[in-house]
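A.B. asks: Dropping the structure in here first, questions after.
The values are calculated or read from the model by the stated rules, or taken from the named source; none is laboratory data. These numbers were taken from a predicted model, which means no experiment stands behind them. Because the Cβ atoms are built from the backbone with ideal geometry, glycine has one as well, and the counts that use them run over all protein chains shown.
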Amino acid sequence: MSKFFGSEITDMESLITNTLVELAPDFDIISVFKPARQLKFIADQELRGVRDAESWEFKPDWVVVLKDRQNSEKEVAFLNVSKGTLGLTELGELRVMALLAQPRIAIQLAPLGLSRDLYSVWLDAEIQDRIANFGKSKMQVATFSNFQSLTEAPLLFV
Amino acid sequence: MEISTQLAYISGLLVGKGYLYESNSKVAIEFSHSNPWVNGIVHCDSCGYLATKNPKSTEYICKNQDCRKKVDPIGRSKFNQIQHTHDSLRDRIVPFLDSEFKLATKIIPNRSSTLLVLDFSKALDEFAWLLKQAAGATNFSNFHLPEFFKSSPRFLSLEFLNGVLDATGYPNAGNWLNRDGASGHGRMRVYIQIVRNWHLTAELDEFIRQNLELPVQTIDWGHPNIRDSKLQDYRANRHSSWSREHQIKFFPEYFDELCFKLTHKQQLFAELLAHNVKCEFPQDHGWFPPSKISDSSRKAIHPSETDPRLPLPVRRHFDAFWQLSLALGSESLREYGSRASSIESFGLTGDPNVTSDQSAIETEVSQLWMKRTNSLPAVRGKTKIEIAKPRPTRLLEKDFYFPIASALRRELDPLLSGNAQVFDTSAQNLSSYLRNLESDQVELMEEFDNLNIRPDLVGFEVSMPSPIFVEVKIDELELSHLGQILGYCAVAQPRRAILISTESMGGALRRAILKKPKILEYGDGKTIQIAQFNDGLISYV
C-alpha cells in the first residue's frame with residue numbers, strides 16, 4: 001500500500017495491470033511483481049524467460065512481464081514510483097534501466113505530480129526526446145487526474 | 001485573421017504564466033496554488049469594520065478604534081484553490097476556449113499548481129499568431145507585452161488582461177493598505193505577480209495606465225533598494241531575499257470591467273471590491289505622475305545593487321519604484337520628464353521642471369545615499385558562543401568538493417591564470433558565484449537553478465558559456481549515481497560531465513558500460529566521464 005496526500009493506492013497491482021492492458025493491447029500480462037532485489041537475482045519463472053534478464057543488475061519499483069500474442073516472445077515493462085514531486089534525477093535513473101533492458105514500456109509514476117519547472121522541460125518535444133527516448137520506445141510520465149482521490153482517479157499521461 | 005476574445009484571453013494566460021512549444025504546437029499554462037486554501041476578509045460582526053490578526057496571538061481584532069472587539073473569523077469566506085482551479089478550468093475556461101477553437105486540452109493537477117495544456121495542432125493559424133506575438137520568446141520569464149495589444153480595441157485588451165489575471169493575478173485579503181475611508185479602514189488591493197521578467201512588468205504597468213486608462217497604485221519591484229532598503233535581510237545573511245517576483249498593485253474598485261474566470265479569484269475580487277466601496281475611500285488616480293523624490297526618501301546603498309542577476313538597466317541604485325520603470329523604458333515617464341534639463345536629471349529627482357545638470361544632481365544625491373547608509377543602525381555582534389558539533393570520523397562527500405574543484409581547476413587551467421573557475425554549488429549561494437561569471441554564463445546558471453539542476457560542482461572556462469558538471473560520490477559508483485547526473489545532462493547539455501568518486505567504479509556499473517556504452521551518452525556525441533579522485537588527482541577511467 002502506498003500512501004500519498006492521505007489517499008492510498010491500495011492496489012498497485014490492479015492499477016498497473018489496468019494501465020498496461022490499455023498501453024500494450026497486443027500483449028498478455030503474465031506477471032506483475034515488486035522486486036525486492038536486483039532483477040538478476042529474481043527467481044520469477046516468467047522473468048527468466050526474458051532475454052538478458054539474468055544480467056540486469058538493477059531494481060525498478062515494479063516489473064511486468066508481457067507476452068506477445070503473435071510470437072509468444074516475452075518482454076518487460078518497468079514502472080518507478082516517485083516518493084516526492086518528480087525531478088530530473090529520478091528520470092535519469094529510469095533512463096539508465098531502460099537503456100540497458102530495452103523494455104516495451106517504461107513509466108515513471110509521479111503521484112505528487114512533476115516538480116513545477118519539470119513540466120516546462122517535459123512538454124518541450126525536443127528535450128523530452130533527449131530524456132525519454134531509449135531506442136526501442138520512449139519513457140512515459142504519468143500522474144493522477146485527481147490527486148486528492150487517488151483510488152478513483154485514472155492515470156493521466158503528461 | 002480576426003482576433004477573437006478567446007485568443008486574446010489565451011495570450012494573456014501565456015504572458016502571465018505560460019510556456020510556448022513551437023516544435024509540437026502546444027501551449028501550457030501554470031495556475032499556481034502554493035497554499036491549498038485562501039481566505040476572504042474578516043469583518044467585525046458589530047461594526048462591520050475590517051478585523052485583522054493580532055501578531056502576538058491568533059485572535060482577530062476589529063480595526064475600528066472605537067470598537068476594538070475580538071472577532072471570530074469563522075464566518076469569512078474560504079476557498080479550496082486546488083478544487084476551484086480544477087473545476088473552473090473544466091467547467092468555464094475549457095468550454096470558453098472550445099466555443100472558438102478545436103483544441104485538445106489536458107488538465108494536470110499537482111500539489112502546488114495545476115497545468116492546462118492546449119494542443120493547437122488543429123488551430124495552426126491561431127498558434128502562428130501566438131508565435132508571432134511572442135517574437136522569439138518562449139515562456140513567461142521572457143515574454144514582452146504582445147505588439148497587438150499596444151493598439152487593440154478595448155474589449156480585446158480587457159480580455160487579454162483577464163487572461164493575465166487568471167494566470168497570475170491575486171485578489172488577497174492580506175494585501176490591504178493602511179488607509180482610512182469615510183466609513184471603514186484598510187484599502188484592499190489586487191496584485192499581478194510577475195516572476196523574473198523585468199521588462200514585462202514595466203510594459204504591463206504602462207499598458208494598464210495608458211491603454212486601458214486604469215490607475216495602478218504601485219509596483220513592488222524585486223530589487224534590493226525596494227525590497228530591502230534598510231539592508232535588514234542582507235545583514236541577516238539573506239542575501240537573495242530581494243530576488244523574488246515583482247508585483248503590480250491596484251485597487252479593485254477601478255477594475256470592475258474585468259472578470260476572472262477562476263471562480264475563487266472572482267469571488268475574492270468581488271469581496272475586496274465591495275469592501276473598498278463600502279469604506280468610501282477617497283478617489284485615487286494611481287502613482288502616475290510620480291512625486292519629486294525628497295531628501296528623506298533617499299535610500300541606503302545596497303551591496304546587491306550590482307548583482308549580476310539584475311538586468312543591466314536596473315543594475316544600479318534606485319530611490320523610488322518608478323525610477324525602475326523609467327530605466328526600463330517607460331514612454332509615459334519619458335514624455336513626462338521631457339521638459340527637464342535632461343531625462344537623467346528628471347530620473348534622479350522626479351522633478352519634470354528640473355534645470356540643474358546631471359552631474360551636479362548626482363554629486364548631491366550620492367552624498368544623501370552615503371548619509372543614509374551611514375545612518376543605518378550598527379549590526380550587533382553575536383554574543384552566542386557556538387559549540388562545534390563533533391565531526392564524524394569518516395570524511396563526508398562535501399569534504400571532497402574543494403579538493404576536487406581545485407584539481408579540476410588545475411586540469412583546465414594549468415597556469416592558474418584565471419581562465420577557469422570551478423564552484424561548489426552547495427557552499428555558495430547562487431549570487432556569490434554568479435559574480436565571477438560572464439553575462440551569458442549567468443543567464444545559463446539562473447536557468448539551471450530554476451530547473452533545480454544542481455550538480456555538486458560546476459566549472460566554467462573563459463569565453464565558453466557551456467559549463468562542466470561534476471557529481472561527486474564517496475562510494476563505489478553505481479548505476480543509480482549515473483542516472484542522477486544523466487537526468488541533469490539530458491536537459492542542460494553541459495560541455496562536459498564528470499561522475500567522480502573517491503572509490504573505484506562498482507562492478508555493476510562497469511559491466512553495464514562494457515555491455516552498453518550508450519548509457520553514458522547525453523546528446524550530440526557527448527558522454528559522461530567516469531573518474532576516480534585519489535591523492536589530489538583526477539584519473540579518468
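A.B. asks: Spot the failing condition for residue B:12; the list is (1) within 14 Å of chain A (Cβ to nearest Cβ); (2) part of a helix (DSSP H, G or I), and only one is missed.
C.D. replies: Residue B:12 satisfies all of (1) within 14 Å of chain A (Cβ to nearest Cβ); (2) part of a helix (DSSP H, G or I) except (1).
A.B. asks: So, in segment A:62-95, of the ones that are assigned to a strand (DSSP E or B), more than 21 Å from residue A:43 (Cβ to Cβ) and within 13 Å of the chain's Cα centre (by Cα), which residue ends up farthest from the other protein chains (Cβ to nearest Cβ)?
C.D. replies: Here the residue is A:81.
A.B. asks: Quick one: which strands (runs of 3 or more DSSP E) sit completely within segment B:58-126 and have at least 1 residues that are of a type in the set (Lys, Arg)?
C.D. replies: The strands (runs of 3 or more DSSP E) meeting that bar are B:78-80, B:104-109.
A.B. asks: Still on this structure, I have one more. Test residue A:116 against the criterion of being among the basic types (Lys, Arg) and at pLDDT 85 or above, and give yes or no.
C.D. replies: Spelling it out, it is not the case that residue A:116 is among the basic types (Lys, Arg) and at pLDDT 85 or above.
A.B. asks: I'm trying to understand the selection: among the residues of segment B:506-529, which are within 13 Å of chain A (Cβ to nearest Cβ) and in a strand (DSSP E or B)?
C.D. replies: B:521, B:527, B:528
A.B. asks: I'd like the residue in segment B:460-489 that is crowded, with 19+ Cβ neighbours inside 10 Å and among the β-branched types (Val, Ile, Thr) and, out of all such residues, is nearest to residue A:108 (Cα to Cα).
C.D. replies: Out of the qualifying residues, it is B:485.
A.B. asks: List pairs: first in segment B:119-147 and in the same structural domain as residue B:167 (by TED's automatic domain parsing), second at pLDDT below 95 and among the aromatic types (Phe, Trp, Tyr), Cβ under 9 Å, 6+ apart or cross-chain?
C.D. replies: Note: pairs meeting the criteria are B:120/B:101; B:122/B:101; B:123/B:101; B:126/B:101; B:138/B:19; B:138/B:21; B:139/B:19; B:140/B:19.
A.B. asks: Could you tell me whether any residue of segment A:87-105 is under 20 Å from residue B:119 (Cβ atoms) and either aromatic (Phe, Trp, Tyr) or modelled with pLDDT of 90 or more (or both)?
C.D. replies: no
A.B. asks: When segment B:213-249 is examined, which residues are found to be small (Gly, Ala, Ser), within 17 Å of the chain's Cα centre (by Cα) and modelled with pLDDT under 95?
C.D. replies: Result: B:240, B:241, B:243.
A.B. asks: Sticking with this structure for a sec: Of the residues that sit in segment B:194-212 and are outside any helix (DSSP H, G or I) and closer than 22 Å to residue B:308 by Cα, which one is modelled with the lowest pLDDT?
C.D. replies: B:196
A.B. asks: Take the residues in segment B:16-46 that are more than 30 Å from residue B:122 (Cβ to Cβ) and touching a Gly at 6+ places or on another chain (Cβ under 9 Å); name whichever of them is nearest to the other protein chains (Cβ to nearest Cβ).
C.D. replies: It comes out as B:39.
A.B. asks: A further question on this structure: For the list (1) loosely packed, with under 14 Cβ neighbours inside 10 Å; (2) within 21 Å of residue B:205 (Cα to Cα); (3) without any contact (Cβ under 8 Å) to a residue 24 or more places away in the chain, I need the number of the one condition that residue B:346 fails.
C.D. replies: Answer for residue B:346: the failing condition is (1).
A.B. asks: Of everything in segment A:47-58 that's at pLDDT 90 or above and assigned to a helix (DSSP H, G or I), which residue is nearest to the other protein chains (Cβ to nearest Cβ)?
C.D. replies: A:55
A.B. asks: Considering segment B:29-75 alone, what residues qualify as being assigned by TED's automatic domain parsing to the domain that holds residue B:274, among the hydroxyl-bearing types (Ser, Thr, Tyr) and surrounded by fewer than 16 Cβ atoms within 10 Å (Cβ to Cβ)?
C.D. replies: The answer is B:34, and nothing else.
A.B. asks: Select from segment B:457-488 the residues that are in a strand (DSSP E or B) and within 14 Å of chain A (Cβ to nearest Cβ) and write down the one among them that is farthest from residue B:527 (Cα to Cα).
C.D. replies: Across segment B:457-488, the extreme among qualifying residues is B:473.
A.B. asks: Moving on. List the pairs whose first member sits in segment A:79-100 and is touching a residue at least 24 places away in the same chain (Cβ under 8 Å) and over 19 Å from residue A:157 (Cα atoms), whose second member is of a type outside the set (Val, Ile, Thr) and part of a helix (DSSP H, G or I), and whose Cβ atoms are under 7 Å apart, counting only residues at least 6 apart or on separate chains?
C.D. replies: Qualifying pairs under 7 Å: A:96/B:479; A:96/B:482; A:96/B:483; A:96/B:486; A:99/B:518; A:100/B:512.
A.B. asks: Do you know which residues across segment B:250-268 are under 25 Å from the mean Cα position of the chain (by Cα) and under 19 Å from residue B:219 (Cα atoms)?
C.D. replies: Result: B:250, B:251, B:252, B:255.
A.B. asks: Follow-up. Among residues belonging to segment B:213-248 that are assigned to a loop (DSSP other than H, G, I, E, B) and hydrophobic (A, V, I, L, M, F, W, C), point out the one that is nearest to residue B:201 (Cα to Cα).
C.D. replies: Going through the qualifying residues, I end up with B:221.
A.B. asks: Can I ask one more? Tell me yes or no: at least one residue of segment A:23-43 is more than 14 Å from chain B (Cβ to nearest Cβ) and part of a helix (DSSP H, G or I).
C.D. replies: Among the residues of segment A:23-43, at least one is more than 14 Å from chain B (Cβ to nearest Cβ) and part of a helix (DSSP H, G or I), which makes the answer yes.
A.B. asks: Restricting to segment B:489-505, give me the number of residues that are out of contact with any strand residue (DSSP E or B) (no Cβ under 6 Å at 6 or more places or on another chain) and within 14 Å of chain A (Cβ to nearest Cβ).
C.D. replies: Residues flagged as out of contact with any strand residue (DSSP E or B) (no Cβ under 6 Å at 6 or more places or on another chain) and within 14 Å of chain A (Cβ to nearest Cβ) within segment B:489-505 amount to 4.
A.B. asks: If only one of B:119, B:166 is at pLDDT 95 or above and within 14 Å of chain A (Cβ to nearest Cβ), which one is it?
C.D. replies: It is B:119.
A.B. asks: Any idea how many residues of segment B:410-443 are modelled with pLDDT of 65 or more, surrounded by fewer than 20 Cβ atoms within 10 Å (Cβ to Cβ) and in a helix (DSSP H, G or I)?
C.D. replies: 6
A.B. asks: Same structure, new question: Of all residues in segment A:126-152 being facing chain B (nearest Cβ under 9 Å) and at pLDDT below 90, which is surrounded by the fewest Cβ atoms within 10 Å (Cβ to Cβ)?
C.D. replies: Among them, the one singled out is A:126.
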